Each structure stands twice: as C-alpha cells, then as structure tokens.
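Trainee: Sharing a structure here in structure tokens format.
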Amino acid sequence: HTFDKIFNFTVGNIDDTAPTNILLSNVNLIKDQPANTLVGTLSATDVDTNTALTFSVDDTTNFKIVNGNELRTNKSITTALGNTININITASDNTNDS
C-alpha cells in the first residue's frame, strides 16, 4: 500500500547581507557649536530587508545618534580648525552589521 501527497513550499529570502554604502549628509563641523548640534543625517543601503536600519557611533564622548539616523554632537567640539576627527559608524539591520 502507498499514499501520495503533494506538498507546496514557499521559498523566501533570508536576511543574509549586511547594510552597505553608509552615507553622512554632511562632513563639516563648525568649531565651538553647542552640544546636540546636528552634524548630518545617516543613510545606508540594505538589499535584502525592509526593516529600518539602526546606526551607532564609536566615539560616544563627542557624538551620538538621535532619532534613528541623526549624528549629533554630545558636547561642544573644540578641535583646532582644519583638523580631522575620525569616527566609525555602524549600520545594522538587526541581523547583520556593517
């Protein structure tokens, strides 16, 4: 005796790619602006998810992320004019980080 049955499978896409192409709308700071000054707006690309991306910054002494994608100062930036401040921004889709 045998029994046959057809099974239907739905093939879906998994979130297996980290966000890429992190962009900051502005990379110039004006010296001695007050804390909470907007530096710029962050964006990134993620080809396999529709979920909102989250951002984090490694230099939390000087910077913070507000409203999900705004890079703001945590304090007045007093670095000498013409100097460069290097920070690392991470974009996450809650599965993968870039």
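The numbers here are math on the coordinates, done by the rules we state, and not lab data. As the structure is a computational prediction, the values presented were derived from the model and not from experiment. For neighbour counting, all protein chains shown are included, and Cβ atoms are generated from backbone atoms with ideal geometry for every residue, glycine included.
Trainee: Using a Gaussian network model of the chain whose springs link C-alpha atoms within less than 10 Å, name the residue from N21, N88, N36 with the highest mean-square fluctuation.
Mentor: Result: N88 has the largest fluctuation of those listed.
Trainee: Of the candidates V57, V47, V66, which one comes out as most mobile in a Gaussian network treatment of the chain with C-alpha springs shorter than 10 Å?
Mentor: V47
Trainee: With springs only between Cα atoms under 10 Å, which of S43, S25, S56 fluctuates most in a Gaussian network model of the chain?
Mentor: Checking each option, the largest mean-square fluctuation is seen for S25.
Trainee: While we're looking at this one, here's another question. Test of the criteria: in the chain, which trypsin sites (Lys or Arg not before Pro) are in a DSSP loop and have at most 16 other Cβ atoms within 10 angstrom of their Cβ? Please list the in-between numbers first.
Mentor: Working: sites: K5, K31, K64, R72, K75; in loops: K5, K31, K75.
For trypsin sites (Lys or Arg not before Pro) across the chain that sit outside H, G, I, E and B with at most 16 neighbouring Cβ atoms in 10 Å, the list reads K5, K31, K75.
Trainee: How about region 6-98: which chymotrypsin sites (Phe, Trp or Tyr not before Pro) there are in a DSSP loop, with at most 13 other Cβ atoms within 10 Å of their Cβ?
Mentor: Working: sites: F7, F9, F55, F63; in loops: F7, F9.
Here the chymotrypsin sites (Phe, Trp or Tyr not before Pro) that fit, given the DSSP loop and packing criteria, are F7, F9.
Trainee: Pull out a ≥ b ≥ c, the square roots of the eigenvalues of the alpha-carbon gyration tensor of region 39-98, then state rounded if a/c is under 1.5, prolate if not and a/b is larger than b/c, and oblate in the remaining case.
Mentor: Working: a/c = 2.74, a/b = 2.36, b/c = 1.16.
Prolate.
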